[in-house]
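Asks: The structure follows.
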């Protein structure tokens with residue numbers, strides 16, 4: 001049905017005209033915000049750093065800066081792991097050489113009967129001197145502890161006719177990760193002391209320390225005001241070549257005793273090398289081991305800051321057939 | 001701070017008011033929403049300023065950014081892109097010196113339109129962009145789509161404003177050229193009193 005004219009007119013009238021629409025648009029368009037422009041520009045200058053960077057490098061940089069604590073921890077841990085795994089050179093003892101000299105033929109027989117003398121590792125040299133026969137012995141004791149060798153040395157010294165007993169340590173250079181070296185430098189003992197009497201605990205501590213090559217002079221116990229057991233260990237003055245950590249679980253408490261590395265009677269340890277040049281140090285070494293007839297070429301000296309490494313190598317690999325003159329040793333000395 | 005900040009601000013100044021009004025028109029009479037939209041658009045613009053190849057196209061470039069941000073805000077209302085608005089606030093940009101009923105009516109009518117229709121009609125009327133430029137800004141498939149969208153939007157606006165005008169308390173423009181007519185002024189006063197009630 002066709003709409004009536006009046007109806008059409010009515011609709012036309014109700015619809016807003018284009019002119020009126022322009023008025024509405026002008027009302028919005030003419031709204032002037034220039035008053036706030038200055039503040040907006042200041043805000044923009046102050047906060048422009050907060051916008052996200054566009055480039056990949058920029059995004060990565062911002063991410064790292066946002067999480068810098070985490071990244072620092074990761075890098076630190078990685079460096080620590082790398083440092084602990086870095087190989088370091090360490091001198092490791094592989095045994096000892098026990099040397100002695102005998103003039104009396106009867107003494108020779110007594111020496112031969114010693115149970116620990118392994119003829120397979122024994123080298124003998126007989127010399128005549130002033131119508132006397134002098135027999136020199138070099139016994140290589142591989143994987144021996146200094147304690148054992150000292151015991152053998154005492155056995156020898158108790159035999160009349162033994163002249164000049166000498167112990168020479170054998171070392172080799174070993175490369176291993178730093179953490180391994182650090183662990184190795186500390187000998188650890190763990191003892192569960194529950195239900196152990198003082199005597200039993202004392203015996204166990206002494207036994208385990210001895211196994212690790214550590215000499216103890218005395219072990220005593222005392223009680224505190226709460227009746228808790230406290231251990232008092234007195235170390236032997238000589239013979240302790242390495243540190244140790246002793247952990248004792250005594251039921252209601254745990255004791256931890258640490259003994260750091262103590263210098264013992266190592267050869268050349270008493271050398272005062274401060275201010276000495278390489279030749280002077282060589283002279284000192286040759287004097288100490290004069291029976292070995294060392295040459296300058298047998299003694300290698302290297303320096304690193306205050307540390308001096310003296311490397312003595314006079315062995316059969318050098319073409320020296322006289323085995324009793326052999327000596328192989330490496331020591332690190334410090335200027336005092 | 002970006003070295004181009006000063007340059008960006010210089011380019012922005014002549015288009016600043018129109019940009020604010022565009023954000024106002026897009027944001028459904030919600031001041032906070034329009035402020036957020038402007039804030040994000042400004043930072044986005046500064047961040048991407050280096051991508052502007054032709055300085056003479058700054059106006060369309062910046063209005064494109066505002067349009068994109070508007071569409072993004074519709075998609076994800078919870079996304080906070082750059083800063084927490086709790087920490088850094090844009091200073092007050094909407095300083096009204098006097099009440100403007102026509103503007104309010106228009107904004108109300110705009111809020112009834114769909115997002116793309118609203119954006120298209122604002123770009124045309126407020127921004128003064130051509131249909132080709134709106135086609136680029138809105139990234140549409142064809143120019144005819146923009147034409148029909150504009151036509152639809154304007155039709156809807158007229159209908160809506162007409163209805164709003166006839167509703168009680170609304171401001172109706174009887175005769176825009178009849179300034180000073182005592183009868184019309186009296187009717188205006190009565191209508192204003194009704195609106196306040």
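The values are calculated or read from the model by the stated rules, or taken from the named source; none is laboratory data. This one's a predicted model, so the numbers in the text were calculated from it and none came from an experiment. So basically every Cβ, Gly included, is an ideal-geometry build from the backbone, and we count neighbours across all protein chains shown.
Asks: Based on this model, can you work out whether residue A:27 counts as more than 14 Å from every other protein chain (Cβ to nearest Cβ), modelled with pLDDT of 85 or more, outside any loop (DSSP other than H, G, I, E, B) and out of contact with any strand residue (DSSP E or B) (no Cβ under 9 Å at 6 or more places or on another chain)?
Replies: no
Asks: Please determine whether any residue of the stretch A:128-143 is under 16 Å from residue A:291 (Cβ atoms) and surrounded by fewer than 16 Cβ atoms within 10 Å (Cβ to Cβ).
Replies: Checked against the condition, which is being under 16 Å from residue A:291 (Cβ atoms) and surrounded by fewer than 16 Cβ atoms within 10 Å (Cβ to Cβ), the stretch A:128-143 yields at least one hit.
Asks: Would you mind telling me which numbered condition in (1) within 24 Å of residue B:156 (Cβ to Cβ); (2) away from every other protein chain (no Cβ under 14 Å); (3) at pLDDT 90 or above; (4) surrounded by fewer than 19 Cβ atoms within 10 Å (Cβ to Cβ) residue B:128 fails?
Replies: Only one criterion is unmet by residue B:128, namely (2).
Asks: Which number in (1) surrounded by fewer than 13 Cβ atoms within 10 Å (Cβ to Cβ); (2) modelled with pLDDT under 85; (3) in a loop (DSSP other than H, G, I, E, B) marks the one condition that residue A:258 misses?
Replies: It is condition (3) that residue A:258 fails.
Asks: Same structure again: Looking at (1) more than 20 Å from residue A:216 (Cβ to Cβ); (2) touching a strand residue (DSSP E or B) at 6+ places or on another chain (Cβ under 8 Å); (3) at pLDDT 75 or above; (4) surrounded by 13 or more Cβ atoms within 10 Å (Cβ to Cβ), which one does residue A:302 not meet, given that it meets all the others?
Replies: Checking residue A:302 against (1) more than 20 Å from residue A:216 (Cβ to Cβ); (2) touching a strand residue (DSSP E or B) at 6+ places or on another chain (Cβ under 8 Å); (3) at pLDDT 75 or above; (4) surrounded by 13 or more Cβ atoms within 10 Å (Cβ to Cβ), the one that fails is (4).
Asks: Does residue A:39 satisfy being modelled with pLDDT of 85 or more, within 11 Å of another protein chain (Cβ to nearest Cβ) and part of a helix (DSSP H, G or I)?
Replies: Answer is yes for this residue.
Asks: Sticking with this structure for a sec: Against the condition assigned to a helix (DSSP H, G or I), closer than 30 Å to residue B:58 by Cβ and at pLDDT below 95, how does residue B:157 come out, does it pass?
Replies: Spelling it out, residue B:157 is indeed assigned to a helix (DSSP H, G or I), closer than 30 Å to residue B:58 by Cβ and at pLDDT below 95.
Asks: Does residue B:41 satisfy the criteria of being modelled with pLDDT of 90 or more and either within 21 Å of residue B:110 (Cβ to Cβ) or surrounded by fewer than 15 Cβ atoms within 10 Å (Cβ to Cβ) (or both)?
Replies: Judged against the criteria, residue B:41 is a match.
Asks: For residue B:139, state whether it is modelled with pLDDT of 60 or more and not in a helix (DSSP H, G or I).
Replies: Yes: the conditions hold for residue B:139.
Asks: Hey, any hits in the stretch A:247-254 for a residue that's under 29 Å from residue A:144 (Cα atoms), at pLDDT 70 or above and crowded, with 17+ Cβ neighbours inside 10 Å?
Replies: Checked the stretch A:247-254: at least one residue is under 29 Å from residue A:144 (Cα atoms), at pLDDT 70 or above and crowded, with 17+ Cβ neighbours inside 10 Å.
Asks: Spot the failing condition for residue A:72; the list is (1) in a helix (DSSP H, G or I); (2) loosely packed, with under 10 Cβ neighbours inside 10 Å; (3) modelled with pLDDT of 75 or more, and only one is missed.
Replies: All conditions are met except number (2).
Here's the yes/no breakdown for (1) under 15 Å from residue B:74 (Cβ atoms); (2) at the interface with chain A (Cβ under 8 Å from one of its Cβ atoms):
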| residue | (1), (2) |
| --- | --- |
| B:11 | no, no |
| B:17 | no, yes |
| B:28 | yes, no |
| B:34 | yes, no |
| B:40 | yes, no |
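Asks: Taking the stretch B:110-125 on its own, how many of its residues are within 13 Å of another protein chain (Cβ to nearest Cβ) and surrounded by 22 or more Cβ atoms within 10 Å (Cβ to Cβ)?
Replies: Counting residues in the stretch B:110-125 that are within 13 Å of another protein chain (Cβ to nearest Cβ) and surrounded by 22 or more Cβ atoms within 10 Å (Cβ to Cβ) gives 6.
Asks: Now a separate question. Filter the stretch B:42-69 for residues that are more than 9 Å from chain A (Cβ to nearest Cβ) and more than 18 Å from the chain's Cα centre (by Cα) and give the result.
Replies: B:49, B:52, B:53, B:54, B:55, B:56, B:57
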